[in-house]
Amino acid sequence: MAAKPPAVMMAAPKLRLTSDAWMQPARRQQSLLSSTTLDLLNTKADVSDIGWDGPQLDTLWRYNQHYFDDLNAFASAKRTVWQRPLLQAWVDQNPPGEGVGWAPYPTSLRIVNWIKWALAGNHLDRALLDSLATQARWLSQRLEWHLLGNHLFANAKALIFAGLFFDGQEANTWRTKGFEILVRETGEQILADGGQFELSPMYHAIAFEDVLDLINLGQHYAPDLLPDETELIATWRALAPRMGHWLSAMSHPDGAFSFFNDSAFGIAPSNEEIFAYARRLLINEPAPLPRVTRLRESGYARLSQPDAVLIADVGAVGPDYLPGHAHADTLSFEASLFGQRLFVNSGTSLYGTGPERQRQRGTAAHNTVVVGGVNSSDVWSGFRVGARASPFGVRWHSDEDALELEGCHDGYRSLAGAPTHTRKWRLAPRALCVTDHVSNGAHIAEARFHLHPDILISLYSPNSGKFVLKNGERIAWRSEGGPARLEHATWHPEFGKSVDNTCLVVPLHQGRSALEVSWA
């Protein structure tokens, strides 16, 4: 393999002139606590102690350190006196091409964050502009074709930002390459139902923000766009309402997204911030959701009654060639009752290749059935999937009162007898029933129901009890199958965060079980 060219350090191109307004982007939470102290992924550290690279903190933390998300976070303008020295420190202490900060992905996000900060009215001095151009040159020779997905999208987005922020032939080369990539990747990565093709609500929210940023940039530099670039901006504007609909459908009544595949709060902007950003760009808000929403291409479905919402995964784990953010969660679901989360998948608190990463991706960490003690899809390493569950037989039905959804998968076909798992959800105005069947009853099988940490549970008998919501509401439950039991579990709403919760386990008896939750 030919060696990549070295970093090219020379004066930055001149800036492109513009007269159109730059809209405030979506904001994240503050992460810069002083001129040198960062709070990232629920871990605080001082750059003067840990530097910009090294083993003191894991790679994901180091990546976030180099994003400079705080430049566009809440109340960012109040921290300019801290941000400017940190920007200069980055330039001084991160020689071109050296260290984790020059990996293509953090380079991409940093380029965009610096430019968004500048477009908001903050001055970049000559040293910062020269560094920014060096970063764009470096990135243009190191696009992540081997990873594809959200990484390649971020690379191309950064080239477009740099190519429009700067002017001249070199900048035009960057923007042309970025637009060429996104012409293809937009159709590949954004499904017909509006979902981002890696099927993670968190990564979808990031992709939605990316599209809104590109629309914003296109408006800002509209007079300088070529016809095909203007056409692609129009394509993104047409996609944005569908992406908003998808995010709305995959979110709970509390206004935040559900936890399927790699998902956690605090990485993407909140739904509230994203939808407010869309409104500023005159993107239509999602219409009220119907009682049944089927996201066909993504493989998700949402059922809703006046007091309850259920979101179910009845689809594939993700793109066949890119399942890196997939969990073994086929036929899992989440549910809210009276606006509060009741059943939750376990979320994501870390990446890497260790046993805890494996456990969080495993079937037992989700609200579905474990057969024979194995995962329904062969998740391994940090971002790998071998044999995977294939869903089939997905059906839904609604009448004046109840909503029903049913699906099957073959993820346990390697076990003796090739058992299949069939699950049926029935959501009535005052009851939810989840029925499971495994075709070969010779295997030990258990249905697992992870409760939100705010939910208290009691057992009145081996197969009945109460849930107590945070507001004091008492909800009856009963099960059919073997004797139910309670297990200690953990919920991971953010990276670097683990919260104790409870898992209700219902063993299947002769291949069958059911859980019914009812309320007045």
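The values are calculated or read from the model by the stated rules, or taken from the named source; none is laboratory data. Here the structure is a predicted model, which is why all the values come from computation and not from measurement. With ideal geometry, Cβ positions are generated from the backbone for all residues, glycine too; neighbour counts draw on all protein chains shown. Note: areas computed on protein heavy atoms with side chains; ligands, DNA, RNA excluded. Shrake-Rupley method; radii C 1.70, N 1.55, O 1.52, S 1.80 Å.
For the range 308-347, taking the residues that are in a strand (DSSP E or B) and among the aromatic types (Phe, Trp, Tyr), the one that is farthest from HIS146 (Cα to Cα) is identified as PHE343.
The set of residues from the range 230-250 being surrounded by fewer than 22 Cβ atoms within 10 Å (Cβ to Cβ) and not aliphatic (A, V, I, L, M) comprises THR230, GLU231, THR235, TRP236, ARG237, PRO241, ARG242, HIS245, SER248.
ASN463 falls short on exactly one of the conditions (1) within 29 Å of GLU356 (Cβ to Cβ); (2) modelled with pLDDT of 95 or more, and that condition is (1).
Screening ASP454, ASP500 for residues that are out of contact with any Cys (no Cβ under 7 Å at 6 or more places or on another chain) and either assigned to a strand (DSSP E or B) or surrounded by 20 or more Cβ atoms within 10 Å (Cβ to Cβ) (or both) leaves exactly one candidate, ASP500.
Each row is one residue, and each column tells you yes or no for (1) surrounded by 19 or more Cβ atoms within 10 Å (Cβ to Cβ); (2) small (Gly, Ala, Ser); (3) closer than 27 Å to ARG361 by Cα.
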position	(1), (2), (3)
SER414	no, yes, yes
ALA418	no, yes, yes
VAL438	yes, no, yes
ILE444	no, no, yes
HIS450	yes, no, yes
LYS466	no, no, no
LYS470	no, no, no
HIS509	no, no, yes
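Quick one: would you say THR368 is surrounded by 15 or more Cβ atoms within 10 Å (Cβ to Cβ), hydroxyl-bearing (Ser, Thr, Tyr) and at negative phi? So THR368 fits the description; yes.
The condition of being open to solvent by 10 Å² or more (accessible area, probe 1.4 Å) and either of a type in the set (Ser, Thr, Tyr) or modelled with pLDDT under 95 (or both) does not hold for HIS151. Does PRO253 satisfy the criteria of being farther than 27 Å from PHE68 by Cα and part of a loop (DSSP other than H, G, I, E, B)? Criteria met by PRO253. How many of the residues in the range 38-67 are in contact with a Pro (Cβ under 9 Å, 6 or more places away or on another chain) and in a loop (DSSP other than H, G, I, E, B)? Of the residues in that region, 2 qualify. If you go through the range 349-365 and keep only what is open to solvent by 40 Å² or more (accessible area, probe 1.4 Å) and touching a Lys or Arg at 6+ places or on another chain (Cβ under 8 Å), you end up with LEU350, TYR351, ALA364.
Condition check for ARG426 on (1) open to solvent by 70 Å² or more (accessible area, probe 1.4 Å); (2) part of a strand (DSSP E or B); (3) at pLDDT below 95: one failure, at (3). The number of residues in the range 134-158 that are among the hydrophobic types (A, V, I, L, M, F, W, C), assigned to a helix (DSSP H, G or I) and touching a residue at least 40 places away in the same chain (Cβ under 8 Å) comes to 4. Restricting GLY441, GLY465, GLY472 to residues that are touching a residue at least 24 places away in the same chain (Cβ under 8 Å) and of a type in the set (Gly, Ala, Ser) narrows the list to GLY441. The single residue among ASN284, ASN261, ASN216 that is assigned to a loop (DSSP other than H, G, I, E, B), touching a Leu at 6+ places or on another chain (Cβ under 9 Å) and either modelled with pLDDT under 95 or polar (S, T, N, Q) (or both) turns out to be ASN261.
May I ask you to list the residues in the range 381-423 that are of a type outside the set (D, E, K, R), under 26 Å from the mean Cα position of the chain (by Cα) and assigned to a strand (DSSP E or B)? Spell out the reasoning first.
Of all residues in the range 381-423, those of a type outside the set (D, E, K, R) come to 381-383, 385-387, 389-394, 396-398, 402-403, 405, 407-409, 411-412, 414-422.
Retained after the next criterion (residues that are under 26 Å from the mean Cα position of the chain (by Cα)): 381-383, 385-387, 389-392, 394, 405, 407-409, 411.
Of everything in the range 381-423, those that are of a type outside the set (D, E, K, R), under 26 Å from the mean Cα position of the chain (by Cα) and assigned to a strand (DSSP E or B) turn out to be VAL385, PRO391, PHE392, VAL394, LEU405, GLY407, CYS408, HIS409.
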